[in-house]
1. Being in contact (Cβ under 8 Å) with a residue 24 or more places away in the chain and either touching a strand residue (DSSP E or B) at 6+ places or on another chain (Cβ under 8 Å) or surrounded by fewer than 18 Cβ atoms within 10 Å (Cβ to Cβ) (or both) is the requirement here; does residue A:125 meet it?
2. When you scan segment A:1-102 for helices (runs of 4 or more DSSP H) that lie fully inside it, which ones turn up with 2 or more residues that are touching a residue at least 60 places away in the same chain (Cβ under 8 Å) and closer than 30 Å to residue A:126 by Cβ?
3. Output yes when any residue across segment A:35-49 is within 17 Å of residue A:102 (Cα to Cα) and under 12 Å from the mean Cα position of the chain (by Cα), and no when none is.
4. Would you mind listing the helices (runs of 4 or more DSSP H) fully within segment B:32-114 where at least 2 residues are crowded, with 18+ Cβ neighbours inside 10 Å, at pLDDT below 90 and away from every other protein chain (no Cβ under 14 Å)?
5. When residues of segment B:11-29 are filtered for being more than 8 Å from the chain's Cα centre (by Cα) and closer than 19 Å to residue B:130 by Cα, how many remain?
6. Would you check which residues across segment A:23-72 are away from chain B (no Cβ under 14 Å), buried (at least 18 other Cβ atoms within 10 Å of the Cβ) and either touching a strand residue (DSSP E or B) at 6+ places or on another chain (Cβ under 8 Å) or farther than 20 Å from residue A:167 by Cβ (or both) and list them?
7. Is at least one residue of segment A:109-118 crowded, with 19+ Cβ neighbours inside 10 Å, within 14 Å of another protein chain (Cβ to nearest Cβ) and assigned to a helix (DSSP H, G or I)?
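The values are calculated or read from the model by the stated rules, or taken from the named source; none is laboratory data. What you see is a predicted model; the values in this text were computed from it and never measured. With ideal geometry, Cβ positions are generated from the backbone for all residues, glycine too; neighbour counts draw on all protein chains shown.
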């Protein structure tokens, strides 16, 4: 139940409360470029969700076993090379960014091949935007989030994958909403100076305002899920003084 | 294109006529994300400028060895290397700022502006031109982030670089330092640049432009 609650919190947090596009501003390029038609926006959203899941899976594996400070694989190699007496703590985290970008580029290549083979029409309509997923900040951002929480030993594979999939779905939601609005916007009389990117930005501002309404949902979800006994346990743990503070937290507690 | 632009042209083009943010809509992520105040915005510009200049120089030096189908990969790896250097330097000498910028420093790797400059200029022209190009585009980026951050910090917190500039009685528009404010500011500034450009175009050719306007508004350049 504890794990399930944590996962649900991460999911709600990644998809709604801290939406990738509207709170962290990652993935703005496709948000502006591909949000003209609903079907393309939906396709783009699912492509990004897929790539971000694959990239998060690979980057979690690499971070956990190779890149994090004290990871098992380089330490083993180091001991084998330098002998048993050598200090085993290896830190390859300086290579993280280069490894991630490599992982992302390969995943995008893979998706491109897949889409070209099985959805040729979709492939044509994406045009240059499909290879541009490589330089989509949302994907690198997902990898970096995974890296941060794996370094602090908070997240396992389940948490990382939940964040990636629901972050991608949140991106899909934002870009589809935007595409729906822009299809209507084409019919309306926009001031000349605002045509194009400017009115899209102002629309995104209103969307972001709407999404700010989700702030604080996390704490309520946690309370509802864990029920009265958990709330009482927290109260007993914390003592009467700082009850409100510990109940108001939206961050999932680190598991050891 | 028959003749490549000279170093000076590249430098000047990067600042205003081909401003990376306002004109080409590149590098939107940092423009929106780190411009709640001037200090993080300028740190971001400094880091991006360092990466852009180094990546442009390296790309320009190795341009004759680049294979066409591998060039994007080489650009990305070059950029990732310099971003790692910038990130470690920032963490070593300005730790609080590095914490504040968080993931946006590593996200310089996927800043389209840098790949665009490598592709358009550095992979075709010599190191001097590439350097001028990088410097011009960095200045343009500075202008863009500086303008957005100025508006947001003054309206949102009543200060500029942390120094108070608005009187206490003036209400703080807190929304401006939150995510919606970023979108709003950039949208209005984009519209302002477009309006300014349209005004200048019209002044240059008053008769033709006015005639075109009244005759067929549908035929306007869809920007």
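1. Details: in contact (Cβ under 8 Å) with a residue 24 or more places away in the chain: yes; either touching a strand residue (DSSP E or B) at 6+ places or on another chain (Cβ under 8 Å) or surrounded by fewer than 18 Cβ atoms within 10 Å (Cβ to Cβ) (or both): yes.
Judged against the criteria, residue A:125 is a match.
2. Details: elements: A:2-12, A:28-33, A:38-62, A:72-82.
Answer list for segment A:1-102: A:2-12, A:28-33, A:38-62.
3. Step one: of segment A:35-49, the residues within 17 Å of residue A:102 (Cα to Cα) are A:48.
Subsequent filtering for residues that are under 12 Å from the mean Cα position of the chain (by Cα) retains A:48.
Checked segment A:35-49: at least one residue is within 17 Å of residue A:102 (Cα to Cα) and under 12 Å from the mean Cα position of the chain (by Cα).
4. Details: elements: B:38-61, B:71-93, B:95-101.
Counting at least 2 such residues, we get no helices (runs of 4 or more DSSP H) at all.
5. Of the residues in that region, 9 qualify.
6. Once the filter is applied, which keeps residues that are away from chain B (no Cβ under 14 Å), buried (at least 18 other Cβ atoms within 10 Å of the Cβ) and either touching a strand residue (DSSP E or B) at 6+ places or on another chain (Cβ under 8 Å) or farther than 20 Å from residue A:167 by Cβ (or both), segment A:23-72 yields A:40, A:66, A:68, A:71.
7. no
To keep it simple, each residue is scored yes or no on (1) touching a helix residue (DSSP H, G or I) at 6+ places or on another chain (Cβ under 8 Å); (2) within 14 Å of another protein chain (Cβ to nearest Cβ).
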site	(1), (2)
A:182	yes, yes
A:188	no, no
A:192	yes, yes
A:201	yes, yes
A:210	no, yes
A:218	yes, no
A:223	yes, no
